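S.K.: The structure is given below, and queries will be raised subsequently.
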Amino acid sequence: MIRDAERHDEQGWRDLWAQYLGFYDVTLTPEITSATWARLMDPASPVKARLAFDGDVMVGFAIHLNHPSTWVMGNDCYLEDLFLTEAARGKGMGRALIEDLMALARARGWQRLYWHTDEGNTTARQLYDRFTPSDGHIRYRLKL
């Protein structure tokens, strides 16, 4: 089952978020994690999360946001964070989360769905390449 994150999902999401950060060997302050959760729950925020469950167990998330685009006559959907527990990988849940987000975006009239991944994340890239080839863009990020 896949559904929107709800307030009572906070601890399960935090557990997955910690695993996600560990996967990428990233440390964030507790304040950033709390601010991220607050954004996910804020009705005015464009940042939202879809959660994947295996039975009653939360096994993954797709954090996304929609935004206006200068390249189409509407909004784009950016899939910022996609994560599955190790036990859930290889069972079609990643595909299901992306397809769920595609359906949600279409229903809301968003024009495109896009995401980034680490070049060396070959497991995820095998899934992503089934949806669309890489468009060849390279990301640059300045910390301000």
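Taken together, the values in this text are just the output of simple stated rules run on the coordinates, not laboratory data. Small disclaimer: the values here were computed from a predicted structure and weren't measured. Neighbour counts run over all protein chains shown; Cβ positions are idealised from the backbone, glycine included.
S.K.: State yes or no: is R139 part of a loop (DSSP other than H, G, I, E, B) and more than 21 Å from A18 (Cα to Cα)? Steps first, answer last, please.
M.R.: Working: part of a loop (DSSP other than H, G, I, E, B): yes; more than 21 Å from A18 (Cα to Cα): yes.
When the stated conditions are applied, R139 passes them.
S.K.: Just checking, which of G120, G74, G109 is farther than 19 Å from I2 by Cα, free of Cβ contacts under 8 Å to residues at least 12 places away in the same chain and either surrounded by fewer than 17 Cβ atoms within 10 Å (Cβ to Cβ) or not aliphatic (A, V, I, L, M) (or both)?
M.R.: Numbers: G74 fails: free of Cβ contacts under 8 Å to residues at least 12 places away in the same chain; G109 fails: free of Cβ contacts under 8 Å to residues at least 12 places away in the same chain.
After applying the criteria, what remains is G120.
S.K.: What tally of residues in region 1-44 results from selecting those that are within 15 Å of the chain's Cα centre (by Cα), of a type in the set (S, T, Y) and in a loop (DSSP other than H, G, I, E, B)?
M.R.: 1
S.K.: Continuing with this model, one more query. Quick test for you: out of A49, A18, pick the one residue that is of a type outside the set (F, W, Y), within 24 Å of M93 (Cα to Cα), in contact (Cβ under 8 Å) with a residue 40 or more places away in the chain and surrounded by 11 or more Cβ atoms within 10 Å (Cβ to Cβ).
M.R.: Working: A18 fails: in contact (Cβ under 8 Å) with a residue 40 or more places away in the chain.
Every option except A49 fails the conditions.
S.K.: What are the pairs with Cβ atoms under 8 angstrom where one residue, in region 26-41, is free of Cβ contacts under 8 Å to residues at least 40 places away in the same chain and the other, located anywhere, is assigned to a loop (DSSP other than H, G, I, E, B)? Sequence gap at least six, or different chains.
M.R.: Hits for this filter: R39/S45; L40/A5; M41/A5.
S.K.: With respect to the numbered conditions (1) over 12 Å from the mean Cα position of the chain (by Cα); (2) crowded, with 18+ Cβ neighbours inside 10 Å; (3) under 14 Å from Y114 (Cα atoms); (4) not polar (S, T, N, Q), which one is the sole condition not fulfilled by M58?
M.R.: Checking M58 against (1) over 12 Å from the mean Cα position of the chain (by Cα); (2) crowded, with 18+ Cβ neighbours inside 10 Å; (3) under 14 Å from Y114 (Cα atoms); (4) not polar (S, T, N, Q), the one that fails is (3).
S.K.: A further question on this structure: Confirm whether L82 is within 17 Å of A5 (Cα to Cα), surrounded by 13 or more Cβ atoms within 10 Å (Cβ to Cβ) and among the aliphatic types (A, V, I, L, M).
M.R.: Judged against the criteria, L82 is a match.
S.K.: Output yes when any residue across region 79-92 is of a type in the set (F, W, Y), under 21 Å from Y24 (Cα atoms), touching a strand residue (DSSP E or B) at 6+ places or on another chain (Cβ under 9 Å) and assigned to a helix (DSSP H, G or I), and no when none is. Talk me through it step by step, then tell me what you get.
M.R.: Kept after step one, since they are of a type in the set (F, W, Y), are these residues of region 79-92: 83.
Then drop every residue that is not under 21 Å from Y24 (Cα atoms), which leaves 83.
From what's left, touching a strand residue (DSSP E or B) at 6+ places or on another chain (Cβ under 9 Å): 83.
Subsequent filtering for residues that are assigned to a helix (DSSP H, G or I) retains none.
No, region 79-92 contains no residue that is of a type in the set (F, W, Y), under 21 Å from Y24 (Cα atoms), touching a strand residue (DSSP E or B) at 6+ places or on another chain (Cβ under 9 Å) and assigned to a helix (DSSP H, G or I).
S.K.: May I pose another question? For region 52-70, what are the residues that are in a loop (DSSP other than H, G, I, E, B) and without any contact (Cβ under 8 Å) to a residue 40 or more places away in the chain? It would help to see each step written out before you state the result.
M.R.: Initially, region 52-70 is screened for residues in a loop (DSSP other than H, G, I, E, B), giving 55-56, 69-70.
G55, D56, T70 - these are the residues of region 52-70 that are in a loop (DSSP other than H, G, I, E, B) and without any contact (Cβ under 8 Å) to a residue 40 or more places away in the chain.
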